[in-house]
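The values are calculated or read from the model by the stated rules, or taken from the named source; none is laboratory data. Everything numeric here is computed off the predicted structure, so don't read it as measured data. Please note: Cβ atoms are built from the backbone with ideal geometry, for glycine as well, and neighbour counts cover all protein chains shown.
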There are 4 protein chains.
Amino acid sequence: MAGNSFGKIFKLTTFGESHGPAIGGILEGCPAGLQLDFEAINAEMQRRKPGQSKIVTQRKEADEVTFLSGIFEGKTTGTPIGFTIENINQKSADYNHIKNIYRPSHADFTYDKKYGVRDYRGGGRSSARETACRVVGGAIAKQLLKDVKITAYVSAVGAIELKKHFSELDFSEIEKNPVRCADAETASKMEKFIKEIRKEGDTVGGKITCVIENVPIGLGEPVFDKLHAALGMAMLSINAVKGFEYGSGFAGTKMKGSEHNDIFNEDGSTKTNHSGGIQGGISNGETIYFNVAFKPVATIMQKQETIDSAGKKAEAEGKGRHDPCVVPRAVPIVEAMAALVLADYWLIGKVSKF
Amino acid sequence: MAGNSFGKIFKLTTFGESHGPAIGGILEGCPAGLQLDFEAINAEMQRRKPGQSKIVTQRKEADEVTFLSGIFEGKTTGTPIGFTIENINQKSADYNHIKNIYRPSHADFTYDKKYGVRDYRGGGRSSARETACRVVGGAIAKQLLKDVKITAYVSAVGAIELKKHFSELDFSEIEKNPVRCADAETASKMEKFIKEIRKEGDTVGGKITCVIENVPIGLGEPVFDKLHAALGMAMLSINAVKGFEYGSGFAGTKMKGSEHNDIFNEDGSTKTNHSGGIQGGISNGETIYFNVAFKPVATIMQKQETIDSAGKKAEAEGKGRHDPCVVPRAVPIVEAMAALVLADYWLIGKVSKF
Amino acid sequence: MAGNSFGKIFKLTTFGESHGPAIGGILEGCPAGLQLDFEAINAEMQRRKPGQSKIVTQRKEADEVTFLSGIFEGKTTGTPIGFTIENINQKSADYNHIKNIYRPSHADFTYDKKYGVRDYRGGGRSSARETACRVVGGAIAKQLLKDVKITAYVSAVGAIELKKHFSELDFSEIEKNPVRCADAETASKMEKFIKEIRKEGDTVGGKITCVIENVPIGLGEPVFDKLHAALGMAMLSINAVKGFEYGSGFAGTKMKGSEHNDIFNEDGSTKTNHSGGIQGGISNGETIYFNVAFKPVATIMQKQETIDSAGKKAEAEGKGRHDPCVVPRAVPIVEAMAALVLADYWLIGKVSKF
Amino acid sequence: MAGNSFGKIFKLTTFGESHGPAIGGILEGCPAGLQLDFEAINAEMQRRKPGQSKIVTQRKEADEVTFLSGIFEGKTTGTPIGFTIENINQKSADYNHIKNIYRPSHADFTYDKKYGVRDYRGGGRSSARETACRVVGGAIAKQLLKDVKITAYVSAVGAIELKKHFSELDFSEIEKNPVRCADAETASKMEKFIKEIRKEGDTVGGKITCVIENVPIGLGEPVFDKLHAALGMAMLSINAVKGFEYGSGFAGTKMKGSEHNDIFNEDGSTKTNHSGGIQGGISNGETIYFNVAFKPVATIMQKQETIDSAGKKAEAEGKGRHDPCVVPRAVPIVEAMAALVLADYWLIGKVSKF
């Protein structure tokens, strides 16, 4: 009910505010006997963490995960995996000046109205810090999924778009540039643009494309829990996301059925893939791909007119260390959420046939 | 788990295939004491049903809902509302020729692979017929929500787009044209285009925009169950939907923070509404609006190469009575799903504060 | 939330009041490909239905189940199984005299206070008629469980107790007598006693013992969803149940650990079975057994002092056709609920190991 | 699915093994704005913790709870309350000798068979240590419930039973004796008996009675989620519990309807309370009371024949520090689980009426 859990069998429940002692979570439903690769988990954490490059926030957070249960001699035991990530180097004082102020396009106003109380330090529960826990869960999900290959990359920063189809891209490029764009040339334009935006004290939005290969056939539950509906919800639950489209997406609305239909090959694969690897809500074995739209970060380093909790005029100005563009660090979060969905649906699908 | 339910408190569970004796559902969690307007429910059913105009399928279905429980002397009793809708005038013979054939871009292949068995008549469970039950639930949700006004309309058919902002439109126009476009002139272009497409034996996609006014502040549950994430999942669960965006959506990715941020008025309302009425996953009292992308209907009246369940080449050609464009009839379904989300979150929100 | 569902994967949701047009339900999560034996389902319905012998209510109800979905050519398809059971031969007029009266130890008072409205005819939703739907779900669960053998029988009526251990009993005796006691001699005493009680216009309580053989090892989820906790909840959800004990039960409280511990044989079976086939909440392969306590039926054919909804003194007197003792007809319900629990936990258990 | 959560709105999810670095949990759904009394929480922890008297285990555990989130300036914020309790003073070496041994009537065998791997130190997840997290959740639930008074006490140790009705007892006696019996004289007999049993290296079972006063009318959800069904499941989920009865319980099976029915007073209260404060699964405002049966602790300080994981004969002998009788320390756990049920149903009930 309270919205802190994701998944039905492979289920992640998270807790924590950005300025409490720690955030953390419980991962339930991971089958027993999975040998965990802790370095791989840590590597995912490093991809999300602040301070990793010059175009992201310069906050320093170690983002080290401590596992408290559910693992014995390196293997999952089938019992819940509890974990915490300490909040260090918080500068809560950075937020004193906004204690009673509703920052524009933040969650300050809505949390206050909903709960009548809020932890104003750093966005509290609405802070993107919470997504660190998702990355932990996603990293374990990836290990469970083994052969399934989930790759996300930045496909737009502001108006700079990567026009190439994912099949034309070299995914090994992604981690070579700080933007996490799958094309070196576009990446360098994006990087330059983000630096300019930062200099202006402004922020900019962007898009992430996610490509999932080697998906087993049959994942997805009709009718409300279609696979793409779950992927959509997963992506829309990430901070700053404003849109989701899969397969032909919004462009598909302009097509005719005779163009859009994916004709079968004799082996059951399809000649085209406008369906985006999902038909009737169930994976058909083709590559799943989707785009996620991110709005510009609301915290800007410019003075903005606003109001305080008493409804009086006030001024907000970002202090501290914030991201000028959220998409480079959101790449591992998109992958993590996709992995959580697939791991869950893979387990759910195990009981659909007699 | 099995994906037939939507909602947590206000919860709709549906059953039924297009060619069984009946479809139906159970609506749980509707508070006791709600005086039901059965004519209003029926009116919603009429908006969705086939055969209502010349640009939709000419199948004849009465789509009369029979309530079996949970209502006493016209009022809800707090117990589950069971209902059925008979399937009449099915022409199952229309489907004999596709018994072993996988129609391109349908769910035939995936259901068969997932379950090892399928009801091939009319798409079985994957048929859009199932959405009739959603309209029943949504119609009751609308009555529960009273002052909240949910309006959906067709905003694109193929490349014909309604460019006007929703605030410039006269919503009373919507039900006056068979396309359910909120602008008479655009509607007539769309209608003409759909007729042409039908003549070609083809189909086309489109977009629906949904506008929700008078939303109470505070609906939405952080962090995974953000209000827009639930709306997104709801929309993506509708047959043929390929994308969802709310507020600034995909266009917002190109904006700067300084442009995108919604500055507060002193009464807590905002000067702009790029947020789409939702901040941090919680409604802020501004109008919620979103777009839903529909692909072209897969069943076309043209011969298509395909395979059968043995992997042999075969031919598929639509017979029977199908929609050349799904969006006119999808308008009430979009509204129904939006109503289900809001009713559920409204009830969930009642226990968030002490 | 609203309490109309049982199970997580194998999930039954029911609706319906005793005097509406029909009751019914939706069974979700039954794996595809199960060949259903409809006669076996009907046989279970006959065991529960009124009017089957002289010691139960003489109401006539056909209790025929109509399946509406989820089954194709006799096999489950993996989609939800919707079904209805018509209410015929209701004598709603039998209840007019109690319209505003709170019958002692019924649910009239609590439903009215909780919901502010109630369907007073025949107990509405609180009527034991609802259990017919459980029997449908349980009958399918039994077919899914195949080799698992679930046997319930009456082990006490009032003070008349069947003292023999279940291993000493001939279960084929159960259906040979109208009490459904597993011992002919005790059964005849019980029958005689029930007839006497009925003559007095009174009712009496009793006990049912349930024995489950051939249970696979490993069913049950720690820590809150222990197998016996789910069985307990299942039984306590049946109308008139006041207690549940499994294995050594209440008698076990008087034992020492050295007596109570079940010593292993080399094959993993145990020499004794005080554990009742469940250790740490998980089945260990031994026979599961438990007792369920039923209070006397509240409707008696005697005048009782009571109050009406205005708080004024009134008189209640049972009219119509009621059971003098509920346990004979409750036997198939106990089995059905046990089957629902086991089917659900069997499916849940399929994903616990890698 | 995985059984680590309890509750639907007010929901506790726990993690942790007895010999990991910490156990902990996440409490969701606690309404915002509740001023927490941390001393009261700590007091409950002290009642459960080992080493508090001579008749319980002499293990030393500080059992200090660290709250990590969901609380700001002493008040709940509506966001999830994460907490941990460190495991200190574990003597894992005490368990080395049983690494491959299945202790009789423990969960060793079933966990091993279910998961194929287990943390053998101290029972792992099946250890009663997990109940410390329940006490944290229950202590907060009690504060939410304010006027509802939940009192549990030991009513039997082996064959020594407290015969008095709860209305004859002085509850202030409970915490004055180490047994937590509500009668000084009986308590002293029980204490003496437990000491004898301990000297024998043996253990003994017992019973706890729980009395809940000032319950609001209307808690409980028909038909599967009856209030007593949830209480039963809650109690049966506590380690070592073998039975549950409420109101007239097993004794009620011997009564006639004319004796058992609770006649109303004009104010809606009842003259007798065989119903145990619940009718039709919904609280009626009368006192709720129930009994919980606990088996003797399986770990005894005597040599027992058993097998190892290879099926070879072995010997088990309890080492370390164990409880000779579990009921004194189980009293706060019974109260905690009752509080969790009531808090949850209180919140659920808030949305049942329009």
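Please determine, by comparing only the residues of region A:29-49 that are outside any strand (DSSP E or B) and of a type in the set (A, V, I, L, M), which one is nearest to the other protein chains (Cβ to nearest Cβ).
Across region A:29-49, the extreme among qualifying residues is A:Leu34.
For residues that are more than 10 Å from chain A (Cβ to nearest Cβ) and of a type in the set (Lys, Arg), scanning just region B:119-139, find the one that is nearest to C:Phe72 (Cα to Cα).
Only one residue fits best here, namely B:Arg121.
In the list A:Arg134, A:Arg129, A:Arg118, which residue meets the criterion of being at negative phi and assigned to a loop (DSSP other than H, G, I, E, B)?
Being at negative phi and assigned to a loop (DSSP other than H, G, I, E, B) holds for just one of A:Arg134, A:Arg129, A:Arg118, which is A:Arg118.
Looking at (1) touching a Leu at 6+ places or on another chain (Cβ under 8 Å); (2) surrounded by 24 or more Cβ atoms within 10 Å (Cβ to Cβ); (3) within 30 Å of C:Asp344 (Cβ to Cβ); (4) small (Gly, Ala, Ser), which is the one condition that is false for D:Ser5?
Evaluating D:Ser5 over (1) touching a Leu at 6+ places or on another chain (Cβ under 8 Å); (2) surrounded by 24 or more Cβ atoms within 10 Å (Cβ to Cβ); (3) within 30 Å of C:Asp344 (Cβ to Cβ); (4) small (Gly, Ala, Ser) leaves (2) as the failure.
Looking at (1) in contact (Cβ under 8 Å) with a residue 40 or more places away in the chain; (2) under 26 Å from C:Ala230 (Cβ atoms); (3) out of contact with any helix residue (DSSP H, G or I) (no Cβ under 7 Å at 6 or more places or on another chain); (4) surrounded by 23 or more Cβ atoms within 10 Å (Cβ to Cβ), which is the one condition that is false for C:Asn284?
Failing condition for C:Asn284: (3).
From the residues in region A:306-330 that are crowded, with 24+ Cβ neighbours inside 10 Å and of a type in the set (A, V, I, L, M), which one is farthest from the chain's Cα centre (by Cα)?
Here the residue is A:Ala316.
Take C:Lys303 and decide whether it is more than 9 Å from every other protein chain (Cβ to nearest Cβ) and either free of Cβ contacts under 8 Å to residues at least 60 places away in the same chain or over 15 Å from the mean Cα position of the chain (by Cα) (or both).
yes
Output the number of residues of region C:253-281 satisfying the condition of being of a type in the set (A, V, I, L, M) and without any contact (Cβ under 8 Å) to a residue 24 or more places away in the chain.
2
Just to be sure I understand the filter: pairs with C-beta atoms under 8 Å, separated by 6 or more residues or on different chains, first member in region B:69-95 and facing another protein chain (nearest Cβ under 7 Å) and at positive phi, second member at pLDDT below 95 and assigned to a strand (DSSP E or B). Which pairs pass?
B:Gly78/D:Lys353
Might you let me know whether region D:181-199 holds any residue that is touching an Asp or Glu at 6+ places or on another chain (Cβ under 7 Å) and either in contact (Cβ under 8 Å) with a residue 12 or more places away in the chain or within 14 Å of chain C (Cβ to nearest Cβ) (or both)?
For region D:181-199, residues touching an Asp or Glu at 6+ places or on another chain (Cβ under 7 Å) and either in contact (Cβ under 8 Å) with a residue 12 or more places away in the chain or within 14 Å of chain C (Cβ to nearest Cβ) (or both): present.
Only one of these conditions is not met by B:Asp119: (1) in contact with a His (Cβ under 9 Å, 6 or more places away or on another chain); (2) of a type in the set (Asp, Glu); (3) surrounded by fewer than 23 Cβ atoms within 10 Å (Cβ to Cβ). Which number is it?
Status for B:Asp119: all satisfied but (3).
Identify all residues within region D:200-234 that are more than 7 Å from chain C (Cβ to nearest Cβ), β-branched (Val, Ile, Thr) and more than 19 Å from the chain's Cα centre (by Cα); write none if there are none.
Answer for region D:200-234, where residues must be more than 7 Å from chain C (Cβ to nearest Cβ), β-branched (Val, Ile, Thr) and more than 19 Å from the chain's Cα centre (by Cα): just D:Val215.
Condition first: at the interface with chain D (Cβ under 7 Å from one of its Cβ atoms), over 12 Å from D:Gly158 (Cα atoms) and not small (Gly, Ala, Ser). Now tell me which residues in region C:245-259 satisfy that.
Passing the criteria: C:Glu245, C:Tyr246.
Can you name the strands (runs of 3 or more DSSP E) wholly within region C:249-323 that have at least 2 residues being among the charged types (D, E, K, R)?
In region C:249-323, C:303-308, C:313-317 are the strands (runs of 3 or more DSSP E) which contain 2 or more residues that are among the charged types (D, E, K, R).
Considering each residue of region B:54-81, count those that are loosely packed, with under 15 Cβ neighbours inside 10 Å and within 18 Å of B:Ile174 (Cα to Cα), and give that number.
Going through region B:54-81 one residue at a time, the tally reaches 1.
Could you name every one of the strands (runs of 3 or more DSSP E) located completely within region B:144-246 that has at least 2 residues being among the aliphatic types (A, V, I, L, M)?
B:149-157, B:206-213
Tell me, which residue of region B:19-28 that is surrounded by fewer than 24 Cβ atoms within 10 Å (Cβ to Cβ) and in a loop (DSSP other than H, G, I, E, B) is modelled with the highest pLDDT?
This residue is B:Pro21.
Can you report the number of residues in region B:97-116 which are over 18 Å from B:Lys313 (Cα atoms) and among the aromatic types (Phe, Trp, Tyr)?
Final tally of qualifying residues: 2.
State all residues of region D:1-18 that are touching a Pro at 6+ places or on another chain (Cβ under 7 Å) and in a strand (DSSP E or B); if no residue qualifies, say none.
Scanning region D:1-18 gives a single hit, D:Phe15.
Considering only region A:242-261, state which residues are surrounded by 24 or more Cβ atoms within 10 Å (Cβ to Cβ) and over 30 Å from B:Ile278 (Cα atoms).
Passing the criteria: A:Gly257, A:His260, A:Asn261.
Working only within region B:271-281, note down all residues that are over 23 Å from the mean Cα position of the chain (by Cα) and buried (at least 24 other Cβ atoms within 10 Å of the Cβ).
Selection gives B:Gln279, B:Gly280.
Yes or no: C:Ser172 modelled with pLDDT of 95 or more and surrounded by fewer than 24 Cβ atoms within 10 Å (Cβ to Cβ)?
Taking the combined requirement at face value, the residue satisfies it.
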